[in-house]
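One structure below.
Taken together, the values in this text are just the output of simple stated rules run on the coordinates, not laboratory data. The model shown is predicted, which means the values in this text are computed figures rather than measured ones. Don't worry about glycine lacking a Cβ; one is built from the backbone with ideal geometry, like all the others, and counts go over all protein chains shown.
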Amino acid sequence: MHFPSLFKSLSSLLRPRQALRCPICMCTANTFLTFGIHPRPNSMCPSCRSLERHRLLWLYLEQCTDFFSARLSVLEVAPQKYMQDTFCKLKNLHYQSVDLSSPIAMLKMDLTNLQIPGDSYDCVLCSHVLEHIPDDREAMREIFRVMKPGGWAIIQGPVDHSRMETYEDFSIVSPQEREKHFGQCDHVRLYGRDFTDRLRGAGFVLELNRFAQTLNPRIVKCCALTTKEILYICRKPLTAGH
Ligand SMILES: [Zn+2]
């Protein structure tokens, strides 16, 4: 799906010289903030606090979906404040957010046990959440359950593409050990390329979308994106047999 005429063109994001522009809040700055356990320069927008993965998701929604124009019921897991505030103002969306502990989440629920009827949402956004959840397969099944047939989810997560199999060991519980083994103190595993098998196991029809690699390198640089991030587009078939 492409609806480029409805949105600002990508070229309008380009700035002269080395300036950066956030495609979400449209702020311009010479540098963004450094962020991360392994500090990444220019990763966080100083205005809306978005990270690379948020900006990529936003651009994908804008350029490749009807998210900003179609009437959609949307569930965002672990909302980012600026994006939630923006989505709430969009008249075409019926937007809800969910998280067990986030103070800004509209629904306080466990993703492995959503108190939400099945077939409720056209779209689910879930960015960098599953690596925190011990029973991630149950969380994936719950996302699948609450989606309408024909609905789509965009799931993002840190995946080590050099690794075939996901590494998890539930005897590793201390924050220091988790950081050492899984890359962050509150991650419970390190996903490998078999992340896709887990998603398919929940029932999804999967598309691995390398949207960032399709963008003009000048856009990637200007919006401070990373090209290695994959968007996992997860569709719920219209019927059980597809
Ligand atoms: Zn911003």
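Based on DSSP, what percent of beta bridges with both residues in the stretch 67-123 are antiparallel, to the nearest 5?
Working: 1 of 10 bridges.
In the stretch 67-123, approximately 10 percent of DSSP beta bridges are antiparallel ones.
Name the long-range amide H neighbours of Tyr95: under 5 Å, sequence gap of 5 or more, or other chain; modelled H, no Pro or chain starts.
Residues meeting the amide H criterion: Val74.
Once phi is turned into ³J(HN,Hα) by the Karplus curve 6.51 cos²θ - 1.76 cosθ + 1.60 with θ = phi - 60°, what whole-Hz value does each residue of the stretch 198-215 show in order, with x for glycine and proline?
5, 5, 5, x, 7, x, 6, 8, 10, 10, 8, 9, 9, 3, 4, 6, 8, 7
Given H placed 1.01 Å from N in the peptide plane, which residues other than close sequence neighbours of Met147 have an amide H under 5 Å from its amide H?
Asp119, Ser120, Tyr121
Tell me what the chain gives for mean residue ellipticity at 222 nm when only DSSP H runs of n ≥ 4 count, each as -39,500 (n - 2.57), the sum divided by the residue total, rounded to 500 deg cm²/dmol. Display every interim value, and only then the final one.
Numbers: 7 runs with 58 residues, N = 242.
That calculation yields -6500 deg cm²/dmol at 222 nm.
Return the subset of Lys180/Lys228; Lys91/Lys228; Lys180/Lys236; Lys89/Lys236; Lys81/Lys108 for which the Cα-Cα distance in this structure is over 25 Å, preserving the input order. Before the final figure, lay out each step's value.
On the way: Lys180/Lys228 22 Å; Lys91/Lys228 33 Å; Lys180/Lys236 36 Å; Lys89/Lys236 27 Å; Lys81/Lys108 15 Å.
Over 25 Å Cα-Cα: Lys91/Lys228; Lys180/Lys236; Lys89/Lys236.
Determine the relative contact order of the chain: mean sequence separation of Cα pairs under 8 Å and six or more apart, normalised by residue count, in whole percent.
Answer for the chain is 18 percent.
Treating only the Cβ of Lys, Arg, Asp and Glu as charged (+1, +1, -1, -1), what charge dipole size does the chain show about its Cα centre? Round to the nearest 20 debye.
Values: 30 positive and 25 negative charges, 230 e Å.
In debye, rounded to 20, the chain gives about 1100.
Based on alpha-carbon positions alone, could you give the equivalent ellipsoid semi-axes of the stretch 165-239 from the gyration tensor, as √(5λ), descending, whole Å?
Working: eigenvalues 150, 99, 14 Å².
Gyration-tensor ellipsoid for the stretch 165-239: 27, 22, 8 Å.
Is the shape of the stretch 30-73 rounded, prolate or oblate, going by the alpha carbon gyration tensor and its root eigenvalues a ≥ b ≥ c, with a/c under 1.5 for rounded and a/b larger than b/c for prolate?
On the way: a/c = 3.18, a/b = 2.79, b/c = 1.14.
The shape class here is prolate.
Within the set of other residues whose C-beta is less than 9 Å from the C-beta of Asp122, count the net charge using Lys and Arg as +1 and Asp and Glu as -1. Before the final figure, lay out each step's value.
On the way: positive: Arg71, Lys148; negative: none.
So the environment of Asp122 carries a net charge of +2.
Have a look at the DSSP beta bridges in the stretch 98-177 and tell me what percent are antiparallel, nearest 5.
Working: 1 of 9 bridges.
Within the stretch 98-177, antiparallel bridges account for around 10 percent of the total.
Add +1 for every Lys or Arg and -1 for every Asp or Glu among the other residues with Cβ under 11 Å from the Cβ of Val205, and state the total.
+2
Binning at 10 angstrom from zero up to the longest distance, how are the C-alpha pair distances of the chain distributed in percent?
In order of increasing distance, the bins hold 7, 30, 38, 21, 4, 0 percent.
Looking at the stretch 1-157, what % of its DSSP beta bridges pair antiparallel, to the nearest 5? Could the numbers behind the result be given before it?
Numbers: 5 of 23 bridges.
If I count the DSSP bridges inside the stretch 1-157, around 20 percent turn out antiparallel.
In terms of modelled amide H atoms, which long-range or inter-chain residues lie less than 5 Å from the amide H of Ile24?
none
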